Amino acid sequence: MATIELDHAVCIVSGMCASVAPSLFRVADDSSEIIVLQANVPDDLLDEAMNAEVCCPVEAIQVVTG
Ligand code: SF4
């Protein structure tokens, strides 16, 4: 199973990850931070997680596999 690691110190809350992977990320209601909905990524959402990792403009997301 893959795991999402998000560096909140680096994240600029662009919301990109929530757009490409809404099952995994959500922007907090006050837009102050991003919330990881599922840190342990189900296999069927692995592609979404990888897309979010690639799309993040500041490389704050790491999808750790294995
Ligand atoms: S795409 Fe990156 S910078 Fe944007 S909200 Fe997600 S983790 Fe933060």
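The values are calculated or read from the model by the stated rules, or taken from the named source; none is laboratory data. All values reported here derive from a predicted model rather than from experimental measurement. Here the Cβ positions follow ideal geometry from the backbone for every residue, glycine too, while neighbour counts run over all protein chains shown. Each accessible area value is taken on the protein alone, full model and side chains, heavy atoms only, with ligands, DNA and RNA left out. Shrake-Rupley method; radii C 1.70, N 1.55, O 1.52, S 1.80 Å.
Tally time: how many residues in region 43-63 are among the polar types (S, T, N, Q) and outside any strand (DSSP E or B)? So that I can check it myself, show each step before the final result.
Applying the first criterion (among the polar types (S, T, N, Q)) to region 43-63 yields 51, 62.
After this cut, where a residue has to be outside any strand (DSSP E or B) as well, the list is 51.
Residues meeting the conditions: 1.
Return only the number of the condition from (1) within 11 Å of the ligand (Cβ to nearest atom); (2) under 9 Å from the mean Cα position of the chain (by Cα) that V63 does not satisfy.
Here V63 meets the rest and fails (1).
Collect the residues in region 20-39 that are more than 11 Å from the chain's Cα centre (by Cα) and either surrounded by 15 or more Cβ atoms within 10 Å (Cβ to Cβ) or among the polar types (S, T, N, Q) (or both), keeping them in residue-number order.
Keep residues of region 20-39 that are more than 11 Å from the chain's Cα centre (by Cα), which gives 28-33.
Once the filter is applied, which keeps residues that are more than 11 Å from the chain's Cα centre (by Cα) and either surrounded by 15 or more Cβ atoms within 10 Å (Cβ to Cβ) or among the polar types (S, T, N, Q) (or both), region 20-39 yields S31, S32.
Just checking, how many residues over region 1-19 are surrounded by fewer than 18 Cβ atoms within 10 Å (Cβ to Cβ) and out of contact with any strand residue (DSSP E or B) (no Cβ under 7 Å at 6 or more places or on another chain)?
The total comes to 7.
Please give the number of the condition P57 fails out of (1) more than 9 Å from the ligand (Cβ to nearest atom); (2) open to solvent by 70 Å² or more (accessible area, probe 1.4 Å).
Only one criterion is unmet by P57, namely (1).
Identify the residue in region 40-53 that is within 14 Å of the ligand (Cβ to nearest atom) and of a type in the set (A, V, I, L, M, F, W, C) and, among all such residues, is surrounded by the fewest Cβ atoms within 10 Å (Cβ to Cβ).
My answer is M50.
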